Amino acid sequence: MAATSKEIGGPMRGRGARWPLSGTLVPQLNWLVYGVTAVLALLALYALLSSFVGAGRNIFDDWRYGYPRTDHLSAFVGHEENDGSPTHLFAYNIDRRVLIIEIPGGDPSKVRALEGPYLFGAGEDKTPVLMSLEDVNNDTHKDLVVRIKDEKMIYLNQAGQFQLISAEQRRDMVQGAAR
């Protein structure tokens, strides 16, 4: 009697067994799974790094500006500085309310307070308020420039005190600069 061999169990058994769809779907599915996993891993890494950067920025601002956020400067601006002491300026962000304190000539009995804007939005109580002195209207007096994020508020140095610039004064300054 002659010996014959017969494969038992269908296409998955034996030495040359292959998946029925091995040339089409399975390799494409593997690359799709790897691609989706890589994208999800990158998104998770981005979320993790952005939270670390945000926390790091907050810690740096705490070290630099304190809490509540505070900035200060001292300069001779022509406000009752007869005894040779400079004027001291302090800017505070107290619960989203910007407050600027001026001590003319270093004399605490003549303290003035300048109101700034109310800051809207989440986390705005941690926004630093920065000050500088510049002559913005070319009158040889140093004017107070307050920067909050990308906004700039100008307090003109007029009549021995700082006054918030009016819309007309701003328009005149812009038109004068355009000429």
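Coordinate-derived values only; no laboratory data. Computed from a predicted model, the values in this text were never measured in an experiment. Don't worry about glycine lacking a Cβ; one is built from the backbone with ideal geometry, like all the others, and counts go over all protein chains shown.
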* Asked: Restricting attention to segment 84-127, which residues are of a type in the set (S, T, N, Q) and closer than 26 Å to Gln158 by Cβ?
  -> Ser85, Thr87, Asn93, Ser109
* Might you let me know whether segment 74-94 holds any residue that is in contact (Cβ under 8 Å) with a residue 24 or more places away in the chain, surrounded by 12 or more Cβ atoms within 10 Å (Cβ to Cβ) and either touching a Phe, Trp or Tyr at 6+ places or on another chain (Cβ under 7 Å) or in a helix (DSSP H, G or I) (or both)? => no
* May I ask you to list the residues in segment 106-123 that are out of contact with any strand residue (DSSP E or B) (no Cβ under 6 Å at 6 or more places or on another chain) and surrounded by 17 or more Cβ atoms within 10 Å (Cβ to Cβ)? => Leu119
* To do: Filter segment 95-112 down to residues that are among the charged types (D, E, K, R) and assigned to a loop (DSSP other than H, G, I, E, B) and give me whichever is farthest from Asp143 (Cα to Cα).
  => Asp95
* Does segment 98-115 contain any residue that is farther than 22 Å from Gly66 by Cβ, among the acidic types (Asp, Glu) and free of Cβ contacts under 8 Å to residues at least 12 places away in the same chain? -> no
